1. Give me the three principal axis extents of the stretch C:165-279 from the C-alpha atoms, as integers in angstrom, largest value leading.
2. Relative contact order, percent, of the stretch B:68-194 when contacts are C-alpha pairs under 8 Å separated by at least 6 residues?
3. Kindly point out which whole DSSP H helices in chain C project their C-alpha atoms 15 angstrom or further along the helix axis while averaging a Kyte-Doolittle hydropathy of 1.0 or above.
4. Give me the extension gain from C:ILE233 to C:TYR21: residue separation times 0.36 nm, minus the current Cα-Cα distance, reported in nm with one decimal.
5. Return a whole-number percent for the relative contact order of the stretch C:2-413, with Cα pairs under 8 Å and 6 or more residues apart as the contact set.
6. As an exercise, use a Förster radius of 56 Å and the Cβ-Cβ distance of A:GLU265 and C:TRP34 to find the FRET efficiency, rounded to the nearest 0.05.
7. Using DSSP to call loops (not H, G, I, E or B), can you name the trypsin sites (Lys or Arg not before Pro) in the stretch C:324-405 whose Cβ has at most 11 other Cβ atoms within 10 angstrom?
8. Starting from the Cα of C:LYS19, draw a straight line to each of the aspartates and glutamates and keep only those under 18 Å, dropping any in the same chain fewer than 8 residues away.
Amino acid sequence: MEKNKSRRSFLKNISLATFSALSLAGCNMKEIDEFLQRNFKIMSKKEKDEIVRNLELKYKEKYNKEFHVSDAPAMDGVSFGYALDLSRCIGCRRCVYACVEENNQSREPQIQWIQVLQMEKERGVDFAHSDVHYNPEKVPEEGHFYVPVQCQQCENPPCVKVCPAKATWKEPDGIVVVDYNWCIGCRYCMAACPYGARHFNWGKPEIPEKEINTEMHYLGNRPRMKGVVEKCTFCIQRTREGRYPACVEICPVGARKFGNILDPESEIRYILENKRVLVLKQELNTQPKFYYFFGV
Amino acid sequence: MKEERIKNIKVPIFTAVFCIGLFFGCQNKESGNNNDLQKEKVRPEKVMATNEDQEIAVEPPPFTEGIYPCNDCHSDIVPNPKRRKLVDMHDSISAIFNHDSANRWCLDCHDMNNRDSLRLASGKLLSFEESYKLCGQCHGDKLRDWKVGVHGKRTGYWNGKKEYLLCVNCHSPHSPHFKALTPEPPPVRQEDIN
Amino acid sequence: MNFIRFIKGSIRIILHGSKTYYAWLIFLLVLIIWGGTGYANQLSEGLIKTHMRDSVSWAFYIGNFTFLVGVAAAAVMLVIPAYIYNWKPIKEIVIFGEMLAVCAVIMCILFIIVDIGGPLRFWHMMPLVGTMNFPSSMLSWDFFVLITYFLINLTVATHLLYSIFYKKEYKRKLVLTLVFISIPMAVGIHTVTAFLYNAMPARPFWNSALLAPRFLASAFCSGPAILLILFQILRKVTKFEIKDEAIWRIAELMVYAMFIYLYFTVSELFKEFYSGTEHILYWKYLLFGIGDNHEIVAYSWSSISMGCIAFVLFLIPKTRKNLVTLNIGAVLIYASVYVEKGIALIIPGFTPDVLGQIYVYTPSFTEIRTATMIFSLGFLLFTFVVKIAIAIIFEGYDIDVIRSKKLRTIESSL
């Protein structure tokens with residue numbers, strides 16, 4: 001009786017051990033590594049490099065192209081500022097689509113980081129009476145002006161305050177970033193953002209292969225997965241290399257300006273010092289780095 | 001007694017097997033290039049503040065094809081300084097001309113004797129590549145803004161060399177008002193996202 | 001060993017019962033499976049299967065979560081009057097109240113898990129293993145208070161049942177301390193949940209100082225309603241003794257809570273409608289609609305009218321003491337608060353959205369299925385624990401019964 005009991009329990013244990021060993025071997029170690037990956041902010045340089053490399057391999061497998069994922073840190077002595085000329089924007093939405101292409105946003109379901117609101121000149125800046133779905137033959141429409149809204153990269157960001165997992169934070173150069181591998185998708189930040197700047201991947205994002213932008217930053221435009229939040233990052237993959245964001249470069253009327261606020265010779269400084277500048281929802285004390293001004 | 005010993009060593013054996021499995025399984029098989037991914041990025045030099053003496057590098061002027069150099073035709077033509085509406089050559093420009101057309105006409109900007117040059121009010125001649133100085137005579141505030149990079153489409157490097165367009169690259173000098181554009185499509189209604 | 005025997009005994013109780021009991025279990029299981037397949041669909045396709053979108057990023061799931069936190073909080077509140085008015089079945093009231101709280105908290109946590117985009121990444125927001133944003137994020141506070149509240153209630157209810165099962169004296173000091181802690185904790189969990197909404201100046205509809213007090217008042221209006229009905233049922237089918245006066249007293253306390261709730265609501269309405277700032281837009285959408293959008297007007301007014309009727313029914317002593325009208329009132333106030341916490345709280349917060357656009361939200365089929373799954377799980381769990389409690393407290397199911405073979409007789413009578 002007792003011998004049977006010991007044999008039975010021995011067999012039970014050995015089969016359990018074999019099963020666990022097999023399942024461990026069967027699991028993709030890379031997937032387990034990615035699942036157990038830590039918050040980007042607390043990783044060492046070596047860990048970050050490894051993750052970036054794995055990502056490049058993963059994307060290459062998926063899309064069959066050479067990718068370059070950067071994890072360039074913020075430059076010293078830089079604090080980005082953005083200015084948008086309300087007297088010039090004609091609401092052509094070229095910025096919206098340039099951003100979509102540059103930043104690998106999902107086409108289906110559609111995500112757009114920039115939203116252009118059409119407002120009436122008589123009412124001024126009045127969100128309650130604005131329209132994001134305007135579609136006339138030609139723009140600008142008589143009696144209307146246009147206010148594009150994207151992430152304001154606030155100095156006092158409510159989204160960073162409420163994120164339960166510290167998956168979003170403000171970098172030293174002022175860009176508010178999201179670690180897509182850390183975001184749990186609770187969408188508290190989306191509720192907290194007063195500018196509607198954050199967007200969620202409700203479904204699996206789809207980017208047509210030939211339109212994918214292979215120059216990426218880990219915290220910026222690398223393809224996201226379903227269930228995470230994303231938003232404008234001032235084209236971190238471009239601006240940390242000294243270039244302008246895609247929306248600035250495409251704007252046909254030159255309504256968008258960008259630069260380092262700490263540089264006294266930058267155009268953004270010139271605007272802040274010489275033009276009539278305002279920010280949206282100023283009473284909320286978010287202190288945005290995205291300024292609206294009137295060039296004429 | 002023997003049974004107890006078996007029972008006692010089963011747990012440690014199992015734990016040992018498990019740990020060994022974990023150890024080998026979790027080892028990163030890729031010992032490949034661990035070199036730093038950071039290639040040396042060349043940061044462009046900062047551009048010094050522009051002043052009157054320095055020229056600004058600009059995009060080339062948008063000449064209509066076959067029109068330049070103007071002296072190919074005009075060196076043989078006797079200049080006619082009378083203010084009029086052109087009807088033979090350049091009538092297409094005359095037709096659309098509305099750049100202060102009540103007070104200005106062609107030879108206020110184009111030099112009468114050298115059609116390959118523009119002229120300032122003082123009589124000083126300018127090449128077409130410097131046409132911004134001509135525009136700046138009347139549109140001084142725009143010129144000041146443009147020089148700093150605040151007016152006009154901005155490309156290049158925010159911490160290095162900015163790329164400048166000439167005024168005429170965006171504003172036709174003969175009919176400068178911006179034409180209305182066809183907007184890109186509006187965003188999909190959220191009710192339609194499935 | 002003792003505890004395992006207690007668990008084994010409990011499992012035995014829930015596995016045996018009358019035909020109605022089995023029918024109820026099967027009904028719930030069917031709902032759970034039906035709901036579960038809906039949720040599986042959501043897991044594979046993503047949250048796009050819900051009708052939440054960027055403009056309305058929190059909806060049905062979070063609404064249910066908020067409502068259930070209120071139920072969890074209120075369940076324990078009955079302990080105070082039971083203690084003050086020296087009701088005889090105070091121990092039973094505590095046990096049932098706390099078990100309801102435990103089930104409600106489990107349902108709350110389930111609603112959060114189905115709502116987040118990456119459920120497997122839940123550990124990212126925990127301390128030590130993840131990077132919890134404490135004390136800045138209200139969600140991290142919510143995590144702590146919910147878990148603490150859950151553990152306190154679970155400990156007290158289990159310990160009391162365990163003691164009765166083993167015919168031992170319960171540890172008075174432990175239980176009393178924990179029960180006394182659970183009362184401010186109950187206030188705490190609902191306050192923290194209210195602060196979750198309150199923390200966002202981007203949403204003026206929620207950014208009112210009265211939000212947390214209104215939450216608590218509405219919880220105390222509605223939570224005891226379940227227990228009110230439960231106690232009447234228990235009184236009929238078991239040896240549970242609770243006087244009519246106690247039940248009327250519970251109803252009276254609910255009236256006070258309802259009155260306070262009405263007062264708070266009137267204060268809110270006055271401030272918004274008299275000041276007439278742009279922030280009136282959200283209340284307008286809720287009560288009157290904006291432009292062509294009148295989607296939730298019916299819900300808000302039905303919630304208000306049900307609440308008022310319940311208030312009147314409970315207020316007038318004649319209708320309060322009549323058990324029929326009392327129970328009607330209980331159901332009405334419960335439904336009123338459910339609609340109010342779900343639709344009338346969440347949707348106007350997001351409509352119109354921060355950029356003035358209106359997105360009309362209605363729960364999708366997947367959301368209803370998933371919510372059904374969670375509610376059925378909760379009901380199932382509550383059925384089990386109530387059955388165990390009834391058996392142990394009223395049917396004399398204890399350690400001796402297991403030891404002797406009297407087992408058979410008891411089980412067939414349950």
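Laboratory data are not the source of any read-out in this text; all were calculated from the coordinates shown. Remember, predicted model here, so these are calculated numbers, not experimental data. We place every Cβ from the backbone using ideal geometry, glycine too, and count neighbours over all the protein chains shown.
1. 63, 31, 18
2. 19 percent.
3. Long hydrophobic helices here: C:2-15, C:60-77, C:90-115, C:138-165, C:172-198, C:211-237, C:297-315, C:323-350, C:365-394.
4. Length gained between C:ILE233 and C:TYR21: 74.8 nm.
5. Result for the stretch C:2-413 is 30 percent.
6. The formula returns an efficiency of 0.25 here.
7. Sparse-neighbourhood loop trypsin sites (Lys or Arg not before Pro): C:LYS405.
8. Straight-line reach from C:LYS19, under 18 Å: C:GLU411.
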